[in-house]
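A short write-up of the structure that comes next.
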Amino acid sequence: MKIKALKWLTTAPVALALAVSLAACGGGSSQPSGTPTDALKGSDQQTLDKYTTANVTPIDKIDKSKLGLVTDGTLRVGTLSDAPPNIFVDSSGKFTGYDNELLRAMADKLGLKVEFASTKFQALLSQVKNKQFDVGSSSISTTDARRETVAFTNGYDFGYMALVTKEDAKVQTFAELKSGLRIGVVSGSVQEDYVKNTLNLEPVSFPDYNTVFASLKSGQVDAWVAPSQQATGQVKPGDGTKIAEKKLNTQNFTAYAVAKDNPALLEALNSALDAIVADGTWTKLTAQWYTDRPTAAEQTPEGWKPGSKAVKVPAN
């Protein structure tokens, strides 16, 4: 099945040009490139079609002795601790969230234990490349630039961007972002690229989601350009903030990162992803963690689905 461009893009406003900047850059001192380019170059669905595998190795044919893991029998995962509903630590100290629970279900299919460790997004891909972690789990948009550092599994999710402001803020839309406003972003993120190179503005960059959100609430920044899922997890009724606007960030999917020189693990994870799609686990977890996506149409918009081209998503 050839993956087509999302139909939504014909009606929803989207950023026409986003620029790639994957270096860690704390604070707000780095300058915009001045040349708008595509921050998610290589992430449109038609391009991703060449990366999505036609099918996968059956799960019972995976040789678990050849996965090249840091510790045999254990999947060591680098993730974030502050980005609900995708990747966070709950009140009991457990690493959880949509991305991490999907990965747990995939590990179960492979008979592997999972060991999570907290890190910063800016360092995650390098840590996966250097085998500090077997897998990176952080709702990572798959881009051409990022594929130079790591390999990615087939996609398991797609995303939006959100503009988060105080309830009484004058800024209500992405179109109103302009010079003179203090715009918060997480360093190394696609949203940082968007503000710098599409809007050609200088954002205030923060190391993590909790810090940028706290800075919005305290008035240190005027707005936060955020991944929509993380914005939804942070904004609470009565906290004085709101999601002013949402839009598709681009025609991209998100995936797990794996070292480029470990194709056996990549193959195993793709097999496991197909397995949890086929048995309904993906559908169940998507409805559980994304309460705004209760139906199949909302979970799999036209032209997009998780896993390989061969796997079928059960009707829910």
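The values are calculated or read from the model by the stated rules, or taken from the named source; none is laboratory data. Quick caveat, the model's predicted, so the values are computed rather than measured. All Cβ positions, even for glycine, are placed from backbone atoms using ideal geometry, and neighbour counts span all protein chains on display.
For this structure, a couple of remarks:
- Criterion violated by residue 311 - all others in (1) in a helix (DSSP H, G or I); (2) touching a residue at least 60 places away in the same chain (Cβ under 8 Å); (3) of a type in the set (Val, Ile, Thr) satisfied: (1)
- Residue 292 meets all of the listed conditions (1) acidic (Asp, Glu); (2) under 19 Å from the mean Cα position of the chain (by Cα); (3) not assigned by TED's automatic domain parsing to the domain that holds residue 148 but one, namely (3).
Residues are listed down the side, and each one gets a yes or a no for (1) surrounded by 20 or more Cβ atoms within 10 Å (Cβ to Cβ); (2) assigned to a helix (DSSP H, G or I); (3) not assigned by TED's automatic domain parsing to the domain that holds residue 134:
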| residue | (1), (2), (3) |
| --- | --- |
| 261 | no, no, no |
| 269 | yes, yes, no |
| 272 | yes, yes, no |
| 288 | no, yes, no |
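- Complete set of residues in segment 74-114 that are over 19 Å from residue 127 (Cα atoms) and in a helix (DSSP H, G or I): 98, 101, 102, 104, 105, 106, 107, 108, 109, 110
- Residue within segment 136-149 that is charged (D, E, K, R) and free of Cβ contacts under 8 Å to residues at least 12 places away in the same chain present: yes
- Residue 132 passes every criterion in (1) part of a helix (DSSP H, G or I); (2) surrounded by fewer than 18 Cβ atoms within 10 Å (Cβ to Cβ); (3) in contact (Cβ under 8 Å) with a residue 40 or more places away in the chain apart from (1).
- Any hit, segment 73-84, residues being surrounded by fewer than 14 Cβ atoms within 10 Å (Cβ to Cβ), assigned by TED's automatic domain parsing to the domain that holds residue 132, free of Cβ contacts under 8 Å to residues at least 24 places away in the same chain and out of contact with any His (no Cβ under 9 Å at 6 or more places or on another chain): no
- Condition check for residue 99: at pLDDT 95 or above, more than 27 Å from residue 148 (Cα to Cα) and not β-branched (Val, Ile, Thr): no
- The set of residues from segment 162-203 being crowded, with 22+ Cβ neighbours inside 10 Å and in contact with a Lys or Arg (Cβ under 6 Å, 6 or more places away or on another chain) comprises just one member, 162.
- Among the residues of segment 100-151, those that are touching a Gly at 6+ places or on another chain (Cβ under 6 Å) and among the hydroxyl-bearing types (Ser, Thr, Tyr) comprise 119, 143.
- Being β-branched (Val, Ile, Thr), farther than 16 Å from residue 229 by Cβ and touching a helix residue (DSSP H, G or I) at 6+ places or on another chain (Cβ under 9 Å) holds for only one residue in 164, 171, 135, and it is 135.
- In the set (1) surrounded by fewer than 20 Cβ atoms within 10 Å (Cβ to Cβ); (2) of a type in the set (Lys, Arg); (3) closer than 29 Å to residue 302 by Cα, residue 146 fails one condition alone, (1).
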